[in-house]
Amino acid sequence: MSRTYKWLGGIGYILTFVPYANSASSILVAIAWILMGKDTREKVFTILGILMIALFAASIASVATVFTSLFTMILPGGVAPEARVFENIGAFLGTLMVVGGIILGLAIAVFILDIMAHFRAAKIFDNKWFRLGGWLRIGEVIALAIAIPLIVISILSSGFHEFPSAPGAPGFPIGILLSILWPLAIFLIVALLANIFSIIAFFSIPEEAEGGQQSTYEVEF
C-alpha cells in the first residue's frame, strides 16, 4: 500500500508554480498533510491541513463578501438611500476588516505550523529535504524582515527629488527601482527554494511496505 499523500503533497507544491492553479495546490497540500497526520498520528500535520482548508475557505468567503456588498450598493434596486450611504460603507469596511483579521490570523498560524510540520516530518521520515524546507521558510521571514526596511529606507533616502516633474522626463528612476527589486528578489528566491525542497521532500517519502505492514518509523509521544 503506497502513501498517497507523498504524491498529493508533491503535486500540490508543484502547482504553486502554475498560474491560476493556486486554489487546487492549497487543497492538495492540505489533504496531503491531513493524510500524513492520519498515517503518522501526528496532530501537527492534521491541524496544519485543517487550517489550510479553513484559510482557503475564508479567502473565498472574503471575495464573495466584497462582491456581494458592492453589487448590493451598485446594482439597480440595490442602491442605498443617500442618508445610509456612509452607514453602509462603514459596515462594509468593518466586515472587511474582521474578515481580513481572520485571514491574517489563519495565515500566520498556517505559516508557523508549516515550519513545525516540516521539521517534524524531517525527524519522522529521516528526510533532509523537509528540514531544508523548514529552514528556508524561516529564511523567508528573515528575508522579508530585511527587505521591507531596505525598501522604505531606499525610497526615503532619495528624498523624492529623483522623481521627474517636467513633462517628457523619464518615468521612474532606475536606481530606486533596483533598490526596491533586489531585496524582493532575494525573498522570492528563498520562497522558491523552500517550495522546491518541499516538492522533493514529499516525493522522497519512502513507500509503505507491501501487504499493509506497519511503517518502519516510530512515532514519539
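Data overview
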{"read-out": "Exposure proxy order (Cβ contacts within 10 Å, fewest to most) of M36, M116, M97, M52", "value": "M97, M116, M52, M36"}
{"read-out": "Taking the convex hull of Cα positions in segment 102-162, its mean projected area over all directions (nm²)", "value": "5.8"}
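No lab work stands behind these numbers, since they all come straight from the coordinates. Quick caveat, the model's predicted, so the values are computed rather than measured. Glycine gets a Cβ as well: all are built from the backbone with ideal geometry, and neighbour counts include every protein chain shown.
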